[in-house]
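*Asks:* For reference, the structure I am asking about is given below.
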Amino acid sequence: MASGVACGIKKGPGAGKDLALIVSDSNAAASGVFTRNKVKAAPVIVSMEHLKSGHARAIVATSGNANACTGQEGLEDARRIAGAAAAILGIGRHEVLVASTGVIGVRMPVEKVLEGLPRAAAALSRDGGADASQAILTTDTVAKETAVEFEIGGKRVRVGGMAKGAGMIHPDLATMLVFITTDAAISPPVLRQALTLVV
């Protein structure tokens with residue numbers, strides 16, 4: 001399930017959605033590919049820590065503020081966001097991944113995110129991918145999302161994806177965000193191998 005709401009990170013007329021929530025109803029295999037830059041944003045560090053288990057249940061993604069170059073305070077903010085989402089969803093904090101994109105070097109308005117999370121959770125739906133894909137945009141002019149359904153071994157499988165990134169996608173994904181979900185039964189090592197092969 002997914003949702004996208006406006007929590008007030010983005011400013012100005014027509015600021016729009018800036019908080020996306022993606023949730024699995026079960027403990028899902030999870031993997032990630034992150035920047036190789038020595039300077040990593042707080043959400044990258046926290047998500048890398050949380051992905052060590054090879055599983056996740058939720059992703060909180062914000063746009064308008066990257067929570068990058070924000071030091072220990074930024075790390076604490078990213079962890080607070082993960083903890084708040086976990087409490088609302090009734091899952092463990094380490095089952096929540098966080099991602100942020102936007103202005104660099106400015107502290108995340110974490111209280112706005114915390115106030116928006118209950119609304120994002122209430123808005124979760126199986127049709128919420130469009131709202132979530134809009135909520136992760138920064139300079140993009142259009143949302144990028146897709147979903148396909150096919151059979152593997154006689155079983156119906158669904159794969160969905162959304163991406164943010166128009167110009168700053170090099171080197172090594174740069175500020176690009178991509179989230180891919182599936183209901184296929186896949187182990188964390190196989191998922192990691194598949195992701196590494198294509199990225």
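Rule-based calculations on the coordinates, nothing more; no lab input. Quick caveat: nothing in here was measured; it's all calculated off a predicted structure. Neighbour counts are summed over all protein chains in view; Cβ atoms, including those assigned to glycine, are modelled from backbone coordinates with ideal geometry.
*Asks:* Return the residues of segment 90-149 that are more than 20 Å from MET1 (Cβ to Cβ), of a type in the set (A, V, I, L, M) and exposed (fewer than 14 other Cβ atoms within 10 Å of the Cβ); say none if nothing qualifies.
*Replies:* VAL142
*Asks:* Which numbered condition trips up GLY161, out of (1) of a type outside the set (Val, Ile, Thr); (2) over 24 Å from GLY90 (Cα atoms); (3) in contact with an Asp or Glu (Cβ under 8 Å, 6 or more places away or on another chain); (4) in contact (Cβ under 8 Å) with a residue 60 or more places away in the chain?
*Replies:* Of (1) of a type outside the set (Val, Ile, Thr); (2) over 24 Å from GLY90 (Cα atoms); (3) in contact with an Asp or Glu (Cβ under 8 Å, 6 or more places away or on another chain); (4) in contact (Cβ under 8 Å) with a residue 60 or more places away in the chain, only one is false for GLY161: (4).
*Asks:* What are the residues in segment 27-51 that are touching a His at 6+ places or on another chain (Cβ under 8 Å) and aliphatic (A, V, I, L, M), if any? Write out each step before concluding.
*Replies:* Step one: list which residues in segment 27-51 are touching a His at 6+ places or on another chain (Cβ under 8 Å), which gives 27-30, 49-50.
Within segment 27-51, ALA28, ALA29, ALA30 qualify.
*Asks:* Is it the case, given these coordinates, that LYS38 is under 17 Å from LEU114 (Cα atoms) and out of contact with any Lys or Arg (no Cβ under 7 Å at 6 or more places or on another chain)? Working first, answer last.
*Replies:* Numbers: under 17 Å from LEU114 (Cα atoms): no; out of contact with any Lys or Arg (no Cβ under 7 Å at 6 or more places or on another chain): yes.
No.
*Asks:* Now for a separate question. Looking only at segment 23-50, which residues are under 17 Å from ARG80 (Cα atoms) and either β-branched (Val, Ile, Thr) or over 12 Å from the mean Cα position of the chain (by Cα) (or both)?
*Replies:* Residues satisfying the conditions are ALA41, ALA42, VAL44, ILE45, VAL46, MET48, GLU49, HIS50.
*Asks:* Among the strands (runs of 3 or more DSSP E) confined wholly to segment 83-199, which include 1 or more residues that are closer than 20 Å to MET48 by Cα?
*Replies:* 96-103, 155-164, 177-182
*Asks:* Residue by residue through segment 23-72, note down the ones that are assigned to a helix (DSSP H, G or I), among the aliphatic types (A, V, I, L, M) and in contact with a helix residue (DSSP H, G or I) (Cβ under 6 Å, 6 or more places away or on another chain).
*Replies:* ALA42, VAL46, listed by residue number.
*Asks:* Additional query: For segment 40-84, give me each residue that is crowded, with 22+ Cβ neighbours inside 10 Å and among the hydroxyl-bearing types (Ser, Thr, Tyr).
*Replies:* The answer is SER47, THR62, SER63.
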